[in-house]
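Engineer: Quick one: the structure is below, questions incoming.
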Amino acid sequence: MTEQPDDDSYRRRRILQAASVAAGSTVLAGCTGGDSGGDGSTETGSGSGDGKHGGSMTFALGGSPANLSYWQSYDTVTNNLTTQIWDSLLEYSEPEMELKPALATSWESPDDTTYVYELREGVTFHDGSEMTAGDVIASAELTLRDEAKSPLAWMFGAVDDFEKIDDYTVQVNMSEVDASFKYVPATTAWGVAPASQIEEKGTDLAQEPVGAGPFQLEEWQSGNHVRLTRHDDYWDGDLPYLDEATFQIVPNGTSRITGMRNGEFGGTSGIPIDQLSVLDQLDNVDLYTTTSFQTSHLVFNCMEGPFSDAQVRRAVSYAIDTEAITQSTVGDYGSHAHSMLPEGMMGHVTPEDLEYDGFPYDPEKAKQLLDDAGLTGSPRLETTLMTTQNTVTQKPAIAIQQYLSEVGIDVSVNKVSQSTYVDTIWGEEDFSERPDMQMTLWASDYPSPDAIIRPLFDSEQLPPSNNWFGYQNEEVDQLLQQFKTTTDPEERAQYAKQANQIVVDDAPGVWVFHPDTTKAFNTKFEGYDGQVPAFVTYFTSFLRDMYVSE
C-alpha cells in the first residue's frame, strides 16, 4: 500500500521569491544570474543511445564522513554521500512525497502491530550476490547491534522480531503500536547489505561498504575525497546515468562557492546562507531552496555542570535574542523557532502556549535568575560551547557568546570539524566529558514530530542515541509513549503538544531558527527535481537520476 505523510504543511519556495505552496505541487525551480563558468563534468557519453548515460560529477561536500555505514549515516552532510551507496526498502516520490517502492515492491499492514514487505526480485548487490529476505533481516539487525552504536536504532524500538515468510517476503512483528514505523523503511536505518558481508565484516562494513545502491565505492581518501562508480547491475532500469561521482571534501563554504563559479564542482549543498545571493548571480548555476523541518538550536548539558540547574538554563534562555540571531543569520531563508517543532507541524507551540512565554529576550530577567541561582561573581560563570564551522551553527554560537557576556557569563567557543562534532555528539556517552553547551542542527526524519521530540527528549534515548541534552522528565516520557502508541491523529496532536510545552518550559535547549535547505548544481546537470524538505533530502539518492545534458 501507499501512504501519504501525516502533514502537508511543508512549503517549496523558488529562490529569492516569497511565494510558497503546499506540498504536492510542482513549484521549485533553479534560478540563474549573470556570471558564467565551467560545467563540473568530464564527458557527456551516451552508453544506451538515449544521450543521458556517461560523464561524471564532482560534488563538494561540506564535511568529511567518519565512515560510510548506513546504520550511522545520520547527518545532513554524510547522507549526501552514503545514500548513493545504500538503498532502503522504500523511498519517497517527488514532488508528491508519498512512500513508494524501492527494494520492496509492495507492503501492507494487516493490523496495527504487523508490517509485511514484498521484496523486489533480481536485485544485485555490489558484490554480485542477489538480495533475499535473509539480507534484509540481517541488515536491520545490524543496526540494532550494540557494537553498531547506531543513532537510528531507536526507530526499531517497538520491533519484537523480523520474520522470513519466504525468500522475498519479510514480516515485522511489533511488541506495541508505533504509529511512525511506516516511515522507517524509507530511512538509512534500514539500508540493505548482503548477509554474507555482514557475517564476515560486521561493523567493518562501515569502511568497506557493499550495498545495493546506484553507485559503489571505488576509492576513499579520508579527509580528501570519496570516489564512486556506477553500479552496472542496479535494479532500477537504466539508472544511474553518470559513470562516476567524486565527493570532494571542502569544509570552507567560500571555497565551495568559488568552485561552483569556476566549474570545478558540479554540485554542492549546505551553502552558507549569507552567500546564497552570490550563487544567484552565476549564470552557470541552478540554485534550489526549500523550507525544511530543521532547527538550529543550542543544547545544554542537563546532566552535568552548571546547566543541570533548570533555573540557570532559563536564565541563559532569557539572555539570548533569538529573533535578532534569526534575522542576522538566515533572514528570508528561514523562520524564528519557538521549539523544535516548526510551524504547521503537529505539536507546534506558540509563546502564548508556554509558562515562560518562550523566553523572550530579557537580559535583566536573566541577571535576576542568575543572582537567585547564586551566580554572582565576575564572571558569573565560565563555560564552553562547541560548534561546527557551518554558518547555521557557528554564526549563532558567536552571537550567543556575545549575548551571554552581557549578563556576566564567559563563553569559550570551540569550533570543530564535522567529523569531530559527530564523534562527540553521538559517541561520547559520559556527560561529564561532554561540553556544557553545543550548537547543533536537527533535521526531522519524517514529516511528523515522531522523529523530533521522541528521539531527542525521551529519557531512554541518551547517547549513542539522540538525547544529547541528557534531558529526563517522567511526565514527558509518559506523554511520548502515549503519542507513540496512539493512532488517532487528534489524540496524537494533543500528546505531542503537551510534551512539547513541558520540554520548552524546562529549557533543555534554546531554539533559534528553522533554516531553509539548499542545493546547487551546474546548469550542465539535469534530472534534479528540486526535491523535498530536509527530512527526505538526506535519505535520497539524488545523483541516481542526474545526467550531463548535451
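The values are calculated or read from the model by the stated rules, or taken from the named source; none is laboratory data. Remember, it's a predicted structure, so these values are computed and weren't measured experimentally. Cβ placement follows ideal geometry from the backbone for every residue including glycine, while neighbour counts extend to all protein chains displayed.
Engineer: Of all helices (runs of 4 or more DSSP H) completely enclosed by the range 469-548, which ones contain at least 2 residues that are modelled with pLDDT of 90 or more and among the basic types (K, R)?
Structural biologist: Helices (runs of 4 or more DSSP H) meeting the threshold: 489-506.
Engineer: Across the range 436-466, which residue is farthest from I502 (Cα to Cα) among those that are at pLDDT 95 or above and in a loop (DSSP other than H, G, I, E, B)?
Structural biologist: Among those that are at pLDDT 95 or above and in a loop (DSSP other than H, G, I, E, B), it is D436.
Here's the yes/no breakdown for (1) crowded, with 17+ Cβ neighbours inside 10 Å; (2) at pLDDT 95 or above:
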position	(1), (2)
S339	yes, yes
Y361	no, yes
E382	no, yes
Q389	yes, no
V392	yes, no
D410	no, yes
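Engineer: A further question on this structure: Within the range 271-319, take every residue that is among the aliphatic types (A, V, I, L, M) and at pLDDT below 85 and give me the one that is surrounded by the most Cβ atoms within 10 Å (Cβ to Cβ). Before you say what the answer is, go through the steps one by one.
Structural biologist: Step one: filter the range 271-319 for residues among the aliphatic types (A, V, I, L, M), giving 271, 273, 276, 278-279, 282, 285, 287, 298-299, 303, 310, 312, 315-316, 319.
Of the ones still in play, those that are also at pLDDT below 85 are 271, 273, 276.
Details: I271: 25, I273: 22, L276: 21.
Looking at residues that are among the aliphatic types (A, V, I, L, M) and at pLDDT below 85, I get I271.
Engineer: Look through A193, A140 and report the one residue that is within 18 Å of E91 (Cα to Cα), part of a helix (DSSP H, G or I) and not assigned by TED's automatic domain parsing to the domain that holds Q482.
Structural biologist: Numbers: A193 fails: part of a helix (DSSP H, G or I).
Among A193, A140, only A140 is within 18 Å of E91 (Cα to Cα), part of a helix (DSSP H, G or I) and not assigned by TED's automatic domain parsing to the domain that holds Q482.
Engineer: Also, quick follow-up: Just checking, how many residues over the range 245-270 are surrounded by 22 or more Cβ atoms within 10 Å (Cβ to Cβ), of a type in the set (V, I, T) and closer than 25 Å to V210 by Cβ?
Structural biologist: Qualifying residue count, the range 245-270: 0.
Engineer: Tell me whether the range 224-231 contains one or more residues that are among the charged types (D, E, K, R) and surrounded by 13 or more Cβ atoms within 10 Å (Cβ to Cβ).
Structural biologist: Restricting attention to the range 224-231, the residues satisfying the condition of being among the charged types (D, E, K, R) are 227, 230.
Next, from what is left, pick out any that are surrounded by 13 or more Cβ atoms within 10 Å (Cβ to Cβ): 227, 230.
Yes, because at least one residue in the range 224-231 is among the charged types (D, E, K, R) and surrounded by 13 or more Cβ atoms within 10 Å (Cβ to Cβ).
Engineer: Select from the range 325-351 the residues that are more than 23 Å from the chain's Cα centre (by Cα) and closer than 23 Å to Q311 by Cβ and list them in ascending order.
Structural biologist: The answer is P351, and nothing else.
Engineer: Just to be sure before I move on: is F539 within 28 Å of S412 (Cβ to Cβ) and buried (at least 22 other Cβ atoms within 10 Å of the Cβ) in the structure I sent?
Structural biologist: In short, no.
Engineer: Same structure again: Restricting attention to the range 281-289, does a residue exist that is outside any loop (DSSP other than H, G, I, E, B), of a type outside the set (F, W, Y) and out of contact with any strand residue (DSSP E or B) (no Cβ under 8 Å at 6 or more places or on another chain)?
Structural biologist: Looking through the range 281-289, none of the residues is outside any loop (DSSP other than H, G, I, E, B), of a type outside the set (F, W, Y) and out of contact with any strand residue (DSSP E or B) (no Cβ under 8 Å at 6 or more places or on another chain).
Engineer: Output yes when any residue across the range 237-244 is over 30 Å from A138 (Cβ atoms) and surrounded by fewer than 21 Cβ atoms within 10 Å (Cβ to Cβ), and no when none is.
Structural biologist: Checking the range 237-244: at least one residue is over 30 Å from A138 (Cβ atoms) and surrounded by fewer than 21 Cβ atoms within 10 Å (Cβ to Cβ).
Engineer: If I go through the range 393-446 residue by residue, how many of them are of a type in the set (A, V, I, L, M, F, W, C) and over 30 Å from A179 (Cβ atoms)?
Structural biologist: Here is the first cut: in the range 393-446, the residues of a type in the set (A, V, I, L, M, F, W, C) are 397-400, 404, 407, 409, 411, 413, 416, 422, 425-426, 431, 437, 439, 441-443.
Adding the requirement that they be over 30 Å from A179 (Cβ atoms) leaves 397-400, 404, 407, 409, 411, 413, 416, 431, 437, 439.
Residues flagged as of a type in the set (A, V, I, L, M, F, W, C) and over 30 Å from A179 (Cβ atoms) within the range 393-446 amount to 13.
Engineer: Pick out the one residue from R454, R492 that is closer than 28 Å to D111 by Cβ and touching a Phe, Trp or Tyr at 6+ places or on another chain (Cβ under 6 Å).
Structural biologist: The unique qualifying residue is R492.
Table: residues versus (1) among the β-branched types (V, I, T); (2) in contact with a Ser or Thr (Cβ under 8 Å, 6 or more places away or on another chain).
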site	(1), (2)
V416	yes, yes
N467	no, yes
E475	no, no
P489	no, no
R492	no, yes
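Let's see how each residue does on (1) assigned by TED's automatic domain parsing to the domain that holds S448; (2) surrounded by fewer than 22 Cβ atoms within 10 Å (Cβ to Cβ); (3) modelled with pLDDT of 95 or more:
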| position | (1), (2), (3) |
| --- | --- |
| K100 | no, yes, no |
| W107 | no, yes, yes |
| Y117 | no, no, yes |
| T132 | no, yes, yes |
| R145 | no, yes, yes |
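Engineer: Using the structure shown, decide if G202 is at pLDDT 95 or above and crowded, with 24+ Cβ neighbours inside 10 Å. Give the steps one after another, and end with the answer.
Structural biologist: Numbers: at pLDDT 95 or above: yes; crowded, with 24+ Cβ neighbours inside 10 Å: no.
In short, no.
Engineer: What pairs come out if I take residues in the range 359-376 that are within 22 Å of I502 (Cα to Cα) and pair them with residues that are surrounded by fewer than 19 Cβ atoms within 10 Å (Cβ to Cβ) and polar (S, T, N, Q) whose C-beta lies under 6 Å away, six or more apart or interchain?
Structural biologist: Every condition considered, the pairs that remain are L369/Q311; A373/Q311.
Engineer: Another one. Taking interchain pairs and intrachain pairs at least six residues apart, which have beta carbon atoms under 7 angstrom, with the first residue in the range 409-428 and under 13 Å from N67 (Cα atoms) and the second in a strand (DSSP E or B) and not aromatic (F, W, Y)?
Structural biologist: Within 7 Å, the pairs are Q418/T388.
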